[in-house]
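Q: Just passing along the structure, written as structure tokens.
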């Protein structure tokens, strides 16, 4: 019988990355201990949780959308069943057109093989009297949002019920790496994987990775409208309950504090007024700093010198959609020796690690 202090993996962090990875480890039949201090404010907990297959000003299909989006829906539904709770809200996204030319462009795109799985309908007429959508808009599917706080709380309760959740702040000074195992506070593991977001940037094993944190703020508003979809043009508007909506987000790569700002509030409300023509009241505002990366691709892999130490981080603004698939991709690498995609493998930055040793 295994010693109760011996594990196959220790996962540090129980945000979107750590939760997904620890579940994949359990599905692989391996023993895992999750260490997390349950801070009330983290990038995962304050994120709006939106997942959207077609994004950006130019409305392009997000990276690996054909693989990521069918996977994430089945993944979170599986966890809903495991936890006995509901936190995945599947809802179409409606993006208004700004011109007849844009409407015509999307009529053509909707018939293409590239977009056919993600477009429900191209609307030629206004869908909402309170919205600036004189030319109609495009309705996307395989979209919605994850109620992240509810998800993390439900999954944490599951881990606690299995007695594999350690509620404590991780102290990197107590980590003792070896060639075959890692020891931490009396716990022994074959591998330890850091999934603690920007905290990994202050981790002496991974401080050479080029994180580029991005701050984002989200408003909660009250307004008397009926909204079947998620509105998304300039800002997103997510129906939460009755007359309550989440609106966001802005992007700031200079301010990395967790405090809310009047600048973000003004920017978001200005864009909201361009999207809707009804009065609203801002009732709350939250901020978070996302663990984004230089090339906007996740950091996945093992340390160049210590194969017992790994990282799964850098999911940035797309954590809800990236975490499910790439946690499984990482386990395939760790347990079955399958190659990591070069776009996500931290080996792409090993030169930075070796350069750091010269300083």
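The values are calculated or read from the model by the stated rules, or taken from the named source; none is laboratory data. As the structure is a computational prediction, the values presented were derived from the model and not from experiment. Glycine gets a Cβ as well: all are built from the backbone with ideal geometry, and neighbour counts include every protein chain shown.
Q: Can you tell me which residue is modelled with the lowest pLDDT among those in region 197-247 that are closer than 14 Å to residue 47 by Cβ and outside any strand (DSSP E or B)?
A: Looking at the filtered set, the residue picked out is 198.
Q: Given the criterion closer than 30 Å to residue 11 by Cα, touching a strand residue (DSSP E or B) at 6+ places or on another chain (Cβ under 7 Å), buried (at least 17 other Cβ atoms within 10 Å of the Cβ) and in contact (Cβ under 8 Å) with a residue 12 or more places away in the chain, identify the matching residue among 54, 32.
A: Values: 54 fails: closer than 30 Å to residue 11 by Cα.
Matching residue, one of 54, 32: 32.
Q: Which of the residues belonging to region 127-157 are under 18 Å from the mean Cα position of the chain (by Cα), crowded, with 19+ Cβ neighbours inside 10 Å and not in a loop (DSSP other than H, G, I, E, B)?
A: Hits for region 127-157 are 144, 145, 146, 148, 151, 152, 154, 155.
Q: Turning to a different aspect of this structure: Which residue, of 176, 190, is touching a strand residue (DSSP E or B) at 6+ places or on another chain (Cβ under 6 Å) and without any contact (Cβ under 8 Å) to a residue 12 or more places away in the chain?
A: Details: 190 fails: without any contact (Cβ under 8 Å) to a residue 12 or more places away in the chain.
From the options 176, 190, the qualifying one is 176.
Q: Give me the residue from region 116-126 that is at pLDDT 90 or above and not in a strand (DSSP E or B) and, out of that set, nearest to the chain's Cα centre (by Cα). Walk me through how you get there before you give the answer.
A: Looking only at region 116-126, we keep the residues that are at pLDDT 90 or above, and these are 118-126.
Of the ones still in play, those that are also not in a strand (DSSP E or B) are 118, 124-126.
Values: 118: 20, 124: 33, 125: 33, 126: 32 Å.
In this case the residue turns out to be 118.
Q: Regarding residue 313, is this residue within 29 Å of residue 132 (Cα to Cα) and not assigned by TED's automatic domain parsing to the domain that holds residue 220?
A: Working: within 29 Å of residue 132 (Cα to Cα): no; not assigned by TED's automatic domain parsing to the domain that holds residue 220: yes.
It is false that residue 313 is within 29 Å of residue 132 (Cα to Cα) and not assigned by TED's automatic domain parsing to the domain that holds residue 220.
Q: Restrict the check to region 301-311 and report whether at least one residue is at pLDDT 95 or above, more than 24 Å from residue 15 (Cα to Cα) and in a helix (DSSP H, G or I).
A: no
Q: Only one residue in 68, 88 is modelled with pLDDT of 95 or more and either assigned by TED's automatic domain parsing to the domain that holds residue 197 or more than 20 Å from residue 26 (Cβ to Cβ) (or both). Which one?
A: Numbers: 88 fails: either assigned by TED's automatic domain parsing to the domain that holds residue 197 or more than 20 Å from residue 26 (Cβ to Cβ) (or both).
Of the residues listed, the single one that is modelled with pLDDT of 95 or more and either assigned by TED's automatic domain parsing to the domain that holds residue 197 or more than 20 Å from residue 26 (Cβ to Cβ) (or both) is 68.
Q: I need every pair where a residue in region 272-286 that is in the same structural domain as residue 133 (by TED's automatic domain parsing) has its Cβ under 7 Å from the Cβ of a residue that is surrounded by 13 or more Cβ atoms within 10 Å (Cβ to Cβ), sequence separation at least 6 or different chains.
A: Listed by first residue and then by second, the contacts come to nothing, as the list is empty.
Q: Do we find a residue being part of a helix (DSSP H, G or I), surrounded by 13 or more Cβ atoms within 10 Å (Cβ to Cβ) and touching a strand residue (DSSP E or B) at 6+ places or on another chain (Cβ under 6 Å) anywhere in region 289-296?
A: Within region 289-296, the first condition is being part of a helix (DSSP H, G or I), and the residues that meet it are none.
Within region 289-296, not a single residue is part of a helix (DSSP H, G or I), surrounded by 13 or more Cβ atoms within 10 Å (Cβ to Cβ) and touching a strand residue (DSSP E or B) at 6+ places or on another chain (Cβ under 6 Å).
Q: Could you grab me the full set of residues in region 312-350 that are in a loop (DSSP other than H, G, I, E, B), touching a residue at least 60 places away in the same chain (Cβ under 8 Å) and touching a helix residue (DSSP H, G or I) at 6+ places or on another chain (Cβ under 8 Å)?
A: The initial filter retains those residues of region 312-350 that are in a loop (DSSP other than H, G, I, E, B), namely 314-315, 337-344.
If we keep only those that are touching a residue at least 60 places away in the same chain (Cβ under 8 Å) as well, we get 314-315.
Scanning region 312-350 gives a single hit, 315.
Q: Before we move on, is residue 105 surrounded by fewer than 18 Cβ atoms within 10 Å (Cβ to Cβ) and either touching a helix residue (DSSP H, G or I) at 6+ places or on another chain (Cβ under 6 Å) or within 19 Å of residue 54 (Cα to Cα) (or both)?
A: Yes; evaluated as a whole, the condition is true for this residue.
Q: So residue 253 fits all but one of (1) under 18 Å from the mean Cα position of the chain (by Cα); (2) surrounded by fewer than 23 Cβ atoms within 10 Å (Cβ to Cβ); (3) at pLDDT 90 or above; what number is the exception?
A: Going through (1) under 18 Å from the mean Cα position of the chain (by Cα); (2) surrounded by fewer than 23 Cβ atoms within 10 Å (Cβ to Cβ); (3) at pLDDT 90 or above one by one, residue 253 breaks only (3).
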